[in-house]
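The values are calculated or read from the model by the stated rules, or taken from the named source; none is laboratory data. Please read these numbers as outputs of a predicted model, since none were measured by experiment. Every residue, glycine as well, gets a Cβ built from its backbone with ideal geometry; the counts of neighbours run over all protein chains shown. We work out accessible area using only protein heavy atoms, side chains counted, and drop any ligands, DNA or RNA first. Shrake-Rupley method; radii C 1.70, N 1.55, O 1.52, S 1.80 Å.
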Amino acid sequence: MVGMSKRRILLVEDEQDIADLVALHLSDVCDELVVANDGYDGMRLATSDNWALIILDLRLPGPDGLEICRSVRRDRPYQPVLMLTSKSSELDRVLGLETGADDYLTKPFSVLELVARVRAIFRRIENMQRAQPVGAVKNPAIQVGRLNVDPNRREVTLGSRKVELTAREFDLLDFFARHPGRVFRRADLLDKVWGYGHEGYEHTVNSHINRLRAKIEDNPSKPELIVTVWGVGYKFAAKEPAAAVVELN
Ligand code: CA
């Protein structure tokens, strides 16, 4: 296929041994890997160049991982970001509202696990590119109440208001909207939307659900679209049957 973008990765990590190890193992997976050793270089490179993936250590000299993530997302909400943290107590911040990362690993992490995550991220990007060749038959947009999910433009609107979602938030919402009424376990969602069903990372799903709810629910504490099924997982509860609306353009 044509037009596959280069797999360039920016790694922002101040611990040299970790940076070296990651660089060594990711060399097979990507076309180019650039390492920044502090938050200053990290911020400059992250915001001034295009990257297939940015891997950010949370704690850095200078601007930290979250500040860099926030700045990048201002211009490129779809930028895939994987965050490295040293404490699970930092997860709420890492995966928090608006600026959060798509995915994270807690140190010490297995390099093989990191490679698996990176492969999954690239797979998702490339599937997305493959699914939208120019002139192809388009997927229909989905309308549920005031919510409209348009997979071609990768746009979500609520009434007349455009909802800004990260790539992963969009994928998650699109997945739900295409399976109204079906209950998914967190592990299923990790598998289907993140591309891996790794145990222990269900927190990622919860955080993304919370982020989505904050953006699309009238009252996020009483969600009516993405509903918790206690003891099982989540389902997309359409108040009315989901109607597929074919876009004419
Ligand atoms: Ca650090």
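Here the dipole of the chain is about 1100 debye; that uses its Cα centre as origin and unit charges on the Cβ of Lys and Arg (positive) and Asp and Glu (negative). Accessible area per residue for the chain, computed on protein heavy atoms with a 1.4 Å probe, is 49 Å². Quick one: angle between helix 65-75 and the longest Cα principal axis of the chain, in degrees between 0 and 90, rounded to 10, please. Relative to the chain, helix 65-75 is tipped by roughly 50 degrees.
In deg cm²/dmol and to the nearest 500, what is the mean residue ellipticity at 222 nm of the chain if only DSSP H runs of at least 4 residues count, each as -39500 (n - 2.57), divided by the residue total?
The helix contribution divided over the chain gives -10500 deg cm²/dmol.
Ordering TYR78, ALA237, ASN127 by the projection of their Cα atoms onto the charge dipole of the chain, which places +1 on the Cβ of Lys and Arg and -1 on the Cβ of Asp and Glu, puts ALA237 at the extreme positive end. Among 174-183, 207-216, sorting by the average number of other beta carbon atoms lying within 10 angstrom of each residue, highest first, gives 207-216, 174-183. Can you tell me the 0 to 90 degree angle between the C-alpha axis of helix 16-26 and the longest principal axis of the chain, rounded to 10? With both axes taken from Cα atoms, the answer is about 60 degrees. The packing ranking of peptides 79-90, 162-173, highest mean first, is 162-173, 79-90, where packing means the average number of other beta carbon atoms within 10 angstrom of each residue. Relative contact order, whole percent, for the chain stands at 15, derived from Cα pairs under 8 Å and 6 or more residues apart.
Close amide H partners of VAL144, meaning residues 5 or more places away or on another chain with modelled amide H under 5 Å apart, are VAL149.
With a 10 Å cut-off between alpha carbons and a GNM built on the chain, which of ASP38, ASP28, ASP102 moves the most? Top of the fluctuation ranking is ASP28. Using the alpha-carbon atoms, what tilt in degrees (0 to 90, nearest 10) does helix 111-131 show relative to the longest principal axis of the chain? Rounded to the nearest ten degrees, it is 50.
Segment ASP75..MET128, full-extension length gain: 17.1 nm, with 0.36 nm per residue of separation and the alpha-carbon distance subtracted.
Of the solvent-accessible surface of the chain, computed with a 1.4 Å probe and all protein chains present, 51% belongs to carbon and sulfur.
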